[in-house]
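Undergrad: The structure that follows is given in the form of structure tokens.
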Amino acid sequence: MPSDLTIAEVRVVLADIPVKRPHKMSFTTLEAVNFAFVRIETRGGLVGWGEAACLGGPTWSEESAESVQAVIERYVAPWLVGRDAAEIEPLRREMARRVQGNPFARAAVEMALWDLNGRALGVPVHRLLGGRVRDRVPLSWSLAVTSPEAEIEEARQKVALGHRIFKIKTAAHPVAHDVERVRRIREAVGPGVSLRVDANQGWDRPTALAAIRALEPYDLDFVEQPVPRWDLDGMAEIARRVTVPVMADESCGSPHEALAIARLGGVSILALKLTKSAGILGTMAIARIAEAAGMSCYVGCMIETSLGTAAYLQVALAAAPVTWGCELFGPLLLKGDVVRRPVQYADGAILALDDPGLGVEVDEAALRECTRR
């Protein structure tokens, strides 16, 4: 066990990894995911890794891989070098004071600190979060294919492989088109498969209400982020006027936002994402608020490699209110990976990681192959 956890070096690597098929959402069609990988090394020679995945630039949020790199290299690394990596909470709070916003950048640094600490202690990160309450997490596969026929074929193939949960990306087309897509997918997979839809803020209030009511006959688990992130009142109102549960994602990036959503009522599910919440500690705080408010949680993704997926998985294993499963499918959609042994899936679920730190080993040779030049 290395005795000196003083941070000696902070390095950021930009990389781009194509997806196996175009991923169509309400705001963009993704051909590749852009990454900022953070490598922190201590004076004792211990290395920890973090990751921020971005969807084609500042699209899903204001951040891009390039902005993550600039913020860390110019405004975080200079003061982080020489500090004790064991002090995750003090360092997290100092980052928040020095860097306003930029949760993706802060999350990538915090992930690397958690990885370092787990490795130093010889335990997985979920042990440091209180221990895992589950040994696997049901996996949702996102259907975001440009062709309706290809979408149905993909769903059938995934069902044959054991998938039992699908989330359908909506709001890139008129409501009638999306309703017909959901109808056909429901017919193709049958009643025993769970379906959810995600509008990614793509509807206004009247459209959201009409769309959800039109989708109610197809037995949906929930509708995710039907309206713009700032419209908390509208989301609460819609949730009270439909029978399908509503989940907040883009609207819920901080504990303050989670508390505001809980106080308004209506919305019953909160989506957890490490990068939108500036790291593991912020994400766990949101989960605790959900639990206190009688709400439940779901772990989303930004289409991470096995490295980022492993970090998200630590929370999915340890946070009790994560009862809706997860969509940690990034390694299955990406054409490449950056670890020696990818995260593992079986029977429609992602399996627990119990190795030290985040539970995966970065393959620096594989990372160099996709590094931006």
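The values are calculated or read from the model by the stated rules, or taken from the named source; none is laboratory data. Computed from a predicted structure; not experimentally measured. Every residue, glycine as well, gets a Cβ built from its backbone with ideal geometry; the counts of neighbours run over all protein chains shown.
Undergrad: Could you list, ordered by first residue, the pairs with Cβ atoms under 9 Å in which the first is in the stretch 44-56 and more than 14 Å from LEU121 (Cα to Cα) and the second is small (Gly, Ala, Ser) and in a strand (DSSP E or B), at least 6 apart or interchain?
TA: What qualifies is GLY45/ALA8; TRP49/GLY357; GLY50/ALA36; GLU51/ALA36; ALA52/ALA36; ALA53/ALA36; CYS54/ALA36; GLY56/ALA32.
Undergrad: Any residue at all in the stretch 112-125 that's farther than 11 Å from GLN314 by Cβ, buried (at least 20 other Cβ atoms within 10 Å of the Cβ), within 17 Å of the chain's Cα centre (by Cα) and at pLDDT 95 or above?
TA: yes
Undergrad: Here is a follow-up. Output yes when any residue across the stretch 185-203 is surrounded by fewer than 16 Cβ atoms within 10 Å (Cβ to Cβ) and over 29 Å from GLY162 (Cα atoms), and no when none is.
TA: Checking the stretch 185-203: not a single residue is surrounded by fewer than 16 Cβ atoms within 10 Å (Cβ to Cβ) and over 29 Å from GLY162 (Cα atoms).
Undergrad: Shifting gears a bit: Is it true that MET302 is within 14 Å of VAL33 (Cβ to Cβ) and hydrophobic (A, V, I, L, M, F, W, C)? First the steps, then the outcome.
TA: Numbers: within 14 Å of VAL33 (Cβ to Cβ): yes; hydrophobic (A, V, I, L, M, F, W, C): yes.
Spelling it out, MET302 is indeed within 14 Å of VAL33 (Cβ to Cβ) and hydrophobic (A, V, I, L, M, F, W, C).
Undergrad: Out of everything in the stretch 306-354 that is of a type in the set (D, E, K, R) and touching a Ser or Thr at 6+ places or on another chain (Cβ under 7 Å), what residue ends up being surrounded by the most Cβ atoms within 10 Å (Cβ to Cβ)?
TA: To start, the set of residues in the stretch 306-354 that are of a type in the set (D, E, K, R) comprises 327, 335, 337, 340-341, 347, 354.
Okay, now just the ones that are also touching a Ser or Thr at 6+ places or on another chain (Cβ under 7 Å), so 327, 337.
Details: GLU327: 27, ASP337: 22.
Taking the candidates together, the pick is GLU327.
Undergrad: If I filter the stretch 80-97 down to residues being surrounded by fewer than 14 Cβ atoms within 10 Å (Cβ to Cβ) and without any contact (Cβ under 8 Å) to a residue 40 or more places away in the chain, which single residue comes out as nearest to GLY44 (Cα to Cα)?
TA: Going through the qualifying residues, I end up with PRO90.
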